[in-house]
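See below for the structure under consideration.
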Amino acid sequence: EGEIFGYLFSRGMGMHGLQSIDRDVVKMICREYDVEVIDADPTRVEDMARKKEILDEEDLDSLEDRPPVLTIMGHVDHGKTTLLDYIRTSKVVASEAGGITQGIGAYVVPVPIDGKLQTCVFLDTPGHEAFGAMRARGARVTDIAIIVVAADDGIRPQTNEAIAHAKAAGVPIVIAINKIDRDGANPDRVMEELASIGLMPESWGGDVPVVQVSALKGDNVDELLETVMLVAELQDLKANPHRSAKGTVIEAGLDKFKGPVATFIVQNGTLKKGDIIVSGAASGKVRALFDEKGNLVDQAGPSIPVQVIGLDNVPIAGDEFEVVSSLDAAREKAEACAESLQKDRIAAQAGYGKVTLASLA
Ligand code: GTP
Ligand code: MG
């Protein structure tokens with residue numbers, strides 16, 4: 001409680017333990033401590049199960065292929081970041097505190113498939129149990145979930161959780177049984193475990209693609225990528241790059257120098273510098289766009305993750321964003337959203353008991 005108190009105080013929101021706090025503030029605290037907010041809001045459940053409806057009627061005549069968004073999920077330490085490091089020829093794991101991933105990493109990677117480079121977008125999610133909200137978010141924006149299972153450890157709680165998120169989001173699953181180079185690796189046991197939870201491997205007559213890999217050595221990673229691209233091709237992934245952008249906030253926070261910073265993944269249209277955006281109760285004009293390497297870019301098309309500055313507030317990760325025609329329209333939408341949050345808060349206080357700092361801690 002003291003720590004949360006200090007955190008709120010540092011944001012200019014000093015308060016005493018029994019004072020009730022806004023739903024937005026609860027969300028903010030939960031985000032800071034990476035606790036998933038579970039509230040009694042039934043639309044959230046619908047939201048999870050809803051297959052993204054991001055194409056409008058008008059888009060249908062202007063559709064073009066877009067890169068697949070591939071989210072890597074699984075239990076802590078099963079080798080997700082190592083797999084991406086191999087694919088990207090990078091060394092992210094080595095730079096992580098304690099080798100633990102704590103945020104969603106978003107990367108645009110040219111992947112060689114049949115001798116041609118194809119652009120793919122990878123999201124790396126944390127496997128630690130505290131980061132369930134990030135796995136849920138990762139599953140919601142992805143086209144395919146790549147579930148990594150260590151061959152020497154098998155299916156563990158966050159493996160099951162990740163599979164549940166992928167199913168809830170209605171996205172196809174590809175399994176990577178990893179660490180097959182290790183002493184004690186038992187990929188067959190993992191295959192049995194998969195079958196026992198209803199994910200029957202293709203090689204056993206089922207419909208779940210399973211590839212046995214070593215992320216560390218790179219064994220069979222090519223085969224995994226080919227498998228994933230086959231699944232992606234079947235999905236016929238398209239968007240209309242010639243319209244104003246909309247998509248989802250995958251990360252958001254407050255930067256000391258830049259102010260509110262958000263990472264968006266554009267799901268339809270093209271986001272450009274100067275666009276007016278709104279996301280929940282946050283709105284503003286895009287002042288600058290940065291790619292994953294921190295380079296300034298002018299625009300970001302479908303499937304592409306991009307860091308955005310120019311919002312007046314920190315948006316909520318997982319919320320949608322869209323481009324609107326004027327700042328007035330943006331503010332109007334943002335205010336309407338803030339008002340409905342306020343109403344929710346009153347309903348929450350009336351119906352579900354109030355949330356106080358003391359009850360949170
Ligand atoms: P979180 O993001 O914290 O959930 O972990 P992660 O799934 O990203 O695991 P990470 O890639 O950080 O790897 C964890 C440890 O397993 C590291 O020490 C890796 O070197 C090791 N590791 C990953 N893949 C392999 C593999 O194929 N073979 C062997 N022998 N070790 C591996
Ligand atoms: Mg990791």
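Read the figures in this text as sums done on the coordinates, not as results from a lab. This structure is a prediction, so every number in the text was calculated from the model and none was measured. A quick note on method: Cβ atoms are made from the backbone with ideal geometry, for glycine too, and the neighbour counts reach across all protein chains shown.
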Worksheet item: Whose amide H sits under 5 Å from the amide H of I177, counting only residues 5 or more places off or on another chain, with H placed in the peptide plane?
Response: V149, V211, Q212, V213
Response to the item:
Among segment 273-293, those whose backbone N falls under 13 Å of a label point 7 Å along Cα→Cβ from E64 are none
Discussion item. Which chymotrypsin sites (Phe, Trp or Tyr not before Pro) in segment 206-297 sit in a loop by DSSP (not H, G, I, E or B) and have at most 13 other Cβ atoms within 10 Å of their own Cβ?
Written reply: F257
Worksheet entry | Two-site label geometry, D114 and A164: point separation in nm, points 7 Å out along Cα→Cβ | 3.9
Item to complete: Treat the count of other C-beta atoms within 10 Å as a stand-in for reagent exposure and order T142, T101 from fewest to most.
Response: T101, T142
Worksheet item: Put a dot 7 Å past each Cα toward the Cβ at K238 and E202; how far apart are the dots in nm?
Response: 2.4
Worksheet item: Exposure proxy check: C120, C30 ranked by fewest other beta carbons within 10 Å?
Response: C30, C120
Worksheet item: So how much slack lies between L296 and T89, counting 0.36 nm per residue of separation and subtracting their Cα-Cα distance, in nm?
Response: 72.3 nm
Item to complete: Please find the FRET efficiency linking C30 to K285, where r is the Cβ-Cβ separation and R0 is fixed at 25 Å, and quote it to the nearest 0.05.
Response: 0.30
Practice prompt. State the Kirkwood hydrodynamic radius of segment 115-249 in Å, one decimal place, computed from all pairs of distinct Cα atoms.
Written response: 15.9
Worksheet, complete the sentence: Highest mean packing first, using Cβ neighbours within 10 angstrom, the peptides 296-302, 71-77 sort as 71-77, 296-302
Item to complete: Counting only C-alpha contacts under 8 Å and six or more residues apart, can you give the relative contact order of segment 188-251 as a whole percent?
Response: 13
